[in-house]
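Everything below concerns the one structure shown next.
The values are calculated or read from the model by the stated rules, or taken from the named source; none is laboratory data. Because the structure is predicted, anything quoted here is derived from the model rather than measured. All Cβ positions, glycine included, derive from the backbone under ideal geometry; neighbour counts span all protein chains shown. Heavy atoms of the whole protein, side chains included, go into the accessibility calculation; ligands, DNA and RNA do not. Shrake-Rupley method; radii C 1.70, N 1.55, O 1.52, S 1.80 Å.
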Amino acid sequence: MKRDNLVFEILEKEVKRQMTGIELIASENFVSDQVLKAMGSVMTNKYAEGYPGRRYYGGCQHVDETEQLAIDRLKELFGAEWVNVQPHSGAQANMAVFLTLLQPGDKFMGLDLSHGGHLSHGSPVNSSGILYHPIAYQVDPDTGLIDYDRMEEVALKEKPKLILAGASAYSRDWDYKRMREIADKIGAWLMADIAHPAGLIAVKLLNDPLEYCHVVTSTTHKTLRGPRGGIILMGKDFDNPFGKTTPKGDIRKMSSLFDSGVFPGIQGGPLEHVIASKAVAFGEALTEEYRQYMKQVKKNAEVMAAGFVSLGYHVISGGTDNHLMLIDLRNKFPEISGRKVENTLVQADITVNKNMVPFDSRSPFLTSGLRIGTPAITTRGMKEEHMTPIVEFIDRIISDIDNENLIATVKKEVNEMMADFPMFAW
Ligand code: DSN
């Protein structure tokens, strides 16, 4: 068959874009060659509705092997008792949990999207906000930290059936113990979506949600550095978590209810090529090399956040415990929106994303903030000493944002810098 040049030429351009630029989107990463190869494998040809050993199609003996490997490795990675590796994405993992634990119209509580929450945690344009009744908690306006006292007040008043920890733009660790105490006061389920910090949690650089949460969801492509996809995990007492009765009576075990929530609840055939690739990524995440990588991601983020603070930028909460930081541009550049900075930095081959900041005065399309993360540049081998030049690139551009000569100069410096860092640095 003739090569589809139209598509493959575009793919080559994307490889070049990824190679030559500085990738600072906190939710992105560069996967290894073997993660990529497994994703582009013949497993994509196979239908396998069901679960290993109990499928609705013949010929599943080998996809059963890779899926079981993914399950076993993921359980080992997080010390989980039960996992499901089939969700196509983090949003779908969340959807499957909601379908299992909530009835349409039920109240649940998550972090306000404009305070760093996730779209699938109750945004009015997402199924979570359309089908269910979201209640938001927020960060403290002075400290930028989750306001657990206020969370408790709201929870006691509103009595949500589910409380949700997790964020897409929160740079501090979570107090799952405190959240569990709040959930227990009203008999709510406690769920954590660890899509962002999953890798840091796996290597124990952050608090462990499995100890306190009834159920945990994640993506696999951010800090975990796997293929794009989702997972669901449970810690102790997974059949009847923490003595809580199941939402549909005690006839079926919780783990089996969550399995049904994924398939046939919200999905049909699993992406077995992606699941094979997840198995590879979980294997990589179990290595000492990965643990060192995660430590470096965190160190790089600390140094970068301190660099921005020293130049007078307002980093929400004053710094970071994880892989990202959220910058509120309003004190230093009140006239410049996050969108303007994002678009201008792209011209210099630096990729970040605009982001709402707590109590933002601009819309989500403009925003007053920037979210910046270090997982991808750390995969390319960057260390603490490379963070200051990156902060300076960004600051030079924001400080003279319409200067096209400066943008061209910085782009050249960025491309020269990245020539020294291979895509798969390990
Ligand atoms: N869209 C993902 C992110 O960029 O953080 C999850 O919300």
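Odds and ends about this structure:
- For the chain, the normalised intensity computed at q = 0.13 Å⁻¹ comes to -1.17 (log10 of I(q)/I(0), Debye sum over alpha carbons, equal scatterers, no solvent).
- Looking at the chain, the DSSP beta bridges with both ends there are about 55 percent antiparallel.
- Remark: region 320-426 carries 42 Å² of accessible area per residue (probe radius 1.4 Å; ligands, DNA and RNA excluded).
- Lysine pairs in region 150-215 with Cα atoms under 25 Å, if 8 or more residues apart or on separate chains: 8
- Sequence-separation-based contact order of region 146-203, relative, with Cα cut under 8 Å and 6+ spacing, percent: 42 percent
- Ignoring aspartates and glutamates fewer than eight residues from Lys222 along the same chain, the ones with Cα atoms less than 13 angstrom from its Cα are Glu23, Glu28, Asp193.
- Split the accessible area of the chain by element, probe 1.4 Å, and carbon with sulfur accounts for 54%.
- Taking all protein chains into account, the per residue accessible area for region 17-64 stands at 54 Å² (1.4 Å probe).
- The residues of region 159-269 present an accessible area of 32 Å² per residue when probed at 1.4 Å with all protein chains retained.
- Which listed pairs, of Lys46/Lys75; Lys46/Lys253; Lys236/Lys295; Lys295/Lys411; Lys75/Lys278, have C-alpha distances above 22 Å, in listed order: Lys46/Lys75; Lys46/Lys253; Lys236/Lys295; Lys295/Lys411
- Highest-first packing order for the peptide set 52-59, 100-107 is 100-107, 52-59, based on the mean count of other beta carbon atoms within 10 Å.
- On full extension, the segment bounded by Ser256 and Ala136 gains 40.3 nm, given 0.36 nm per residue less the C-alpha separation.
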